[in-house]
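The values are calculated or read from the model by the stated rules, or taken from the named source; none is laboratory data. Computed from a predicted model, the values in this text were never measured in an experiment. With ideal geometry, Cβ positions are generated from the backbone for all residues, glycine too; neighbour counts draw on all protein chains shown.
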Amino acid sequence: MPCDNIPFVTVTPIPMPHRFYGRSISELVEDVQLMKSTVMRQLLDNMYLTNNNRVAIMDGMVNMDDLLTTRPGGIVRTKQPPNQVLQPLQAQPISQQAFPLLSYLDSVREGRTGVSKEAQGLSPDTLNAKTATGVNALMTQTQMRSELIARVFAETGVKELFKKIFELMVKYQDKEKIIMMSNQYIPVRPTEWRDRFNISIVVGLGTGSKEQQTIMLNSILERQIQAFQLQGGRELPMVSLKNMYNTLTKMVENAGLKNVDTYFVNPDVGKQMMPPPQPPPPSPIEKIEFTRIDAENKRKMADIEIKYKELEQDNKKLMLDFESKMKEMSLKYNTQLDSAKIKADAEMEKMVFSEQSKILDQAQKSTNMFQQQVKGLNGNARPDEQVGGSEPIQRSETNTGE
């Protein structure tokens, strides 16, 4: 099967033009280390000669075995006085020149690698003789070289590696897979990702240390709170609760804590858990309007009761007139009347009166319901709400002729 791409990725800390392999940190300080080793060996040899120097002797006047055997308190036999037959050859000390040279080579190494004593915490004068701002600036400059190497790794090696992984997923991941993204499980099918330009690989460098990020996030949160207060404590148009929640999430992550929900609640979830807001209490004008409507309904109810009593009296009067006429007719004509027709007329009168009574009962119930709503009003009703019983009751017109 032919290969359509090269399945290899190269990484080098210091790229060099027109070369496949760049340079490493060891190549930068290799010559410095060799010079330091040479100076150290020379310095040690000089110390050996200083402690155990060479001696010039007169031939035949000194016992060679005693001279060559070096031990504390050892005896050297001579045939003449020692100052006449022995003369030490003094070695020139080089420590005054060697130690400054070693310090210079260390500074060269620090300049090439970017790793200094202050950054490693090995300098005893760092905390005593320098301010916090100076130490912070020194640490920042020291970390820039390391961050540069890390960025080169990310841009030239890791980025290309993820592109290769993406190509393999698009080609061979033919089954749907469920992944967790933004705290939600989402089904994905990589074979549908044909366009590679829909994705972007972001290198997480260049934002400073965690302490610097925390200071920056605190400043952003203060500005967000100020903008939220300028909005009158309401969301938008500049800042929402979701924006502040995202800032707090970054602060918790910088602190090394994983579960953000332990410390803060997502506004999207919190809004669903909150009870519905209570409507504002009615204004004095609304209370006056409700009182007027209640008084109007009471007046209408009183009119309905008066009409109801009038209908009862009219009905009783009609029944009496009907009975009296029936008696007069029976006495006058002395004939038998049609009892079925009389009963039907009486039933009709009862039905008419029953319908009128039902209408009056409905009006009474509607009025009582409205009065209960007005009495139970605790600031929850609004003038635009429809209240039962506020409409006038239409009088039922029924022909109750004889």
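Conditions first: (1) at pLDDT below 85; (2) within 60 Å of the chain's Cα centre (by Cα). N52 passes all but one, so which condition is the exception?
(2)
Tell me, yes or no, whether the range 211-221 has at least one residue that is surrounded by fewer than 15 Cβ atoms within 10 Å (Cβ to Cβ), outside any loop (DSSP other than H, G, I, E, B) and at pLDDT below 80.
yes
Got at least one residue in the range 62-74 being under 30 Å from K36 (Cα atoms) and loosely packed, with under 15 Cβ neighbours inside 10 Å?
Within the range 62-74, not a single residue is under 30 Å from K36 (Cα atoms) and loosely packed, with under 15 Cβ neighbours inside 10 Å.
Which condition from (1) loosely packed, with under 13 Cβ neighbours inside 10 Å; (2) not in a loop (DSSP other than H, G, I, E, B) is the one that L102 breaks?
Checking L102 against (1) loosely packed, with under 13 Cβ neighbours inside 10 Å; (2) not in a loop (DSSP other than H, G, I, E, B), the one that fails is (1).
Can you tell me which condition G256 does not meet? The list is (1) part of a loop (DSSP other than H, G, I, E, B); (2) closer than 30 Å to V152 by Cβ; (3) touching a residue at least 40 places away in the same chain (Cβ under 8 Å), and all the others hold.
Failed condition: (3).
Among all residue pairs at least 6 apart or on different chains, which show Cβ distances below 9 Å where the first residue, located in the range 147-162, is within 21 Å of G114 (Cα to Cα) and the second is assigned to a helix (DSSP H, G or I)?
Within 9 Å, the pairs are I149/I25.
I'd like the full set of residues that are surrounded by 10 or more Cβ atoms within 10 Å (Cβ to Cβ) and in contact (Cβ under 8 Å) with a residue 60 or more places away in the chain, limited to the range 268-290.
P279, P281, P282, E286, E289, F290
Any idea how many residues of the range 1-41 are in a helix (DSSP H, G or I) and touching a Leu at 6+ places or on another chain (Cβ under 9 Å)?
Final tally of qualifying residues: 6.
Can you tell me which residue is surrounded by the most Cβ atoms within 10 Å (Cβ to Cβ) among those in the range 2-40 that are out of contact with any helix residue (DSSP H, G or I) (no Cβ under 8 Å at 6 or more places or on another chain) and among the β-branched types (V, I, T)?
Applying the filter and picking the extreme gives T38.
Taking the condition over 17 Å from the mean Cα position of the chain (by Cα), of a type in the set (A, V, I, L, M, F, W, C) and under 15 Å from P267 (Cα atoms), does L236 pass?
Details: over 17 Å from the mean Cα position of the chain (by Cα): yes; of a type in the set (A, V, I, L, M, F, W, C): yes; under 15 Å from P267 (Cα atoms): yes.
When the stated conditions are applied, L236 passes them.
Okay, residues lined up against (1) assigned by TED's automatic domain parsing to the domain that holds V252; (2) over 30 Å from V252 (Cα atoms); (3) not in a helix (DSSP H, G or I):
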| residue | (1), (2), (3) |
| --- | --- |
| V265 | yes, no, yes |
| P279 | no, yes, yes |
| F290 | no, yes, no |
| I293 | no, yes, no |
| K298 | no, yes, no |
| M301 | no, yes, no |
| K317 | no, yes, no |
| L320 | no, yes, no |
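Kindly evaluate T78 against the criterion of being of a type in the set (V, I, T) and modelled with pLDDT of 85 or more.
When the stated conditions are applied, T78 passes them.
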